[in-house]
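One structure is given below, encoded as C-alpha cells.
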C-alpha cells in the first residue's frame with residue numbers, strides 16, 4: 001500500500017491560518033493591551049494570501065512560504081501597531097498586561113459595589129471602560145477611583161480616592177510626625193544644648 005504523502009489539501013493550511021488569526025484577534029478585542037492583534041493580523045494575512053493565490057500558484061500555499069509570509073506580515077503589523085499608537089498616549093508607557101493597570105485612576109460610570117459596576121480609566125486606550133468591583137461598600141457614579149487589584153484585566157478592583165484617610169494613612173502621618181520631632185532634636189546645635197544646661201544649673 002503506498003504511503004500517503006499529502007495528508008492535507010493545499011487549502012487546509014491557509015484556512016487554519018485564517019481561523020487562528022480570527023480567533024487571536026477576537027481574544028485581543030476581549031482583553032485589549034496584550035498585543036495579540038499583531039499575531040492575529042500576521043496569521044490572517046498570510047492565510048488569506050495562501051487562499052487567494054494558492055490555486056493560481058501552488059508553491060505559495062507551501063508551509064515554508066506561508067511561514068515566511070507570517071513573519072513578514074507580523075513585522076509589518078508590529079511596525080504599524082507601534083507607529084499608529086493604537087491605544088493612545090504615544091511617548092508614555094502603555095498597558096502591556098493587566099498588572100500595569102494597578103495604580104491607574106479613573107471615574108465611576110456605573111455605581112460600583114463589591115459585586116458589580118463599571119469605570120472609565122484615564123488614558124485607558126482604545127476601550128477605557130472596565131467592569132469593576134469595590135474593595136468595600138459602594139462607590140457612586142462620577143467618583144474618582146484607583147485600581148488596587150487589576151485581576152485578569154477584565155474585572156478590576158478599585159477604591160475611592162475621595163474617601164478619608166484609612167488606618168495606613170493615619171499610621172504614616174504619625175510616623176512622619178515622630179520623624180519630624182527626632183530631626184528637630186538632632187538639628188539643635190551644641191551651643192543650644194550648652195545654653196539649656198546653663199539654664200538648668202541656674203534653676204538649681
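Here, each number is a calculation from the coordinates, and none is a lab measurement. Everything quoted here is computed from the prediction, not taken from an experiment. All Cβ positions, glycine included, derive from the backbone under ideal geometry; neighbour counts span all protein chains shown.
Quick one: order 71, 27 by neighbouring beta-carbon count within 10 Å, fewest to most.
By the 10 Å Cβ count, ascending, the order reads 71, 27.
Evaluate E = 1/(1 + (r/R0)^6) for residue 81 and residue 102, where r is the Cβ-Cβ distance and R0 equals 30 Å; express this FRET efficiency to the nearest 0.05.
Using R0 = 30 Å, I get an efficiency of 0.80.
Quick one: 65, 158, fewest Cβ neighbours within 10 Å first, how do they rank?
65, 158
Fewest first, what order do 73, 78, 64 take by the number of other Cβ atoms within 10 Å?
In order of increasing Cβ crowding within 10 Å: 64, 78, 73.
How much FRET efficiency would the formula 1/(1 + (r/R0)^6) give for residue 31 and residue 120, where r is the Cβ-Cβ distance and R0 is 30 Å, rounded to 0.05?
0.95
As an exercise, use a Förster radius of 25 Å and the Cβ-Cβ distance of residue 172 and residue 111 to find the FRET efficiency, rounded to the nearest 0.05.
Result of the calculation: an efficiency of 0.25.
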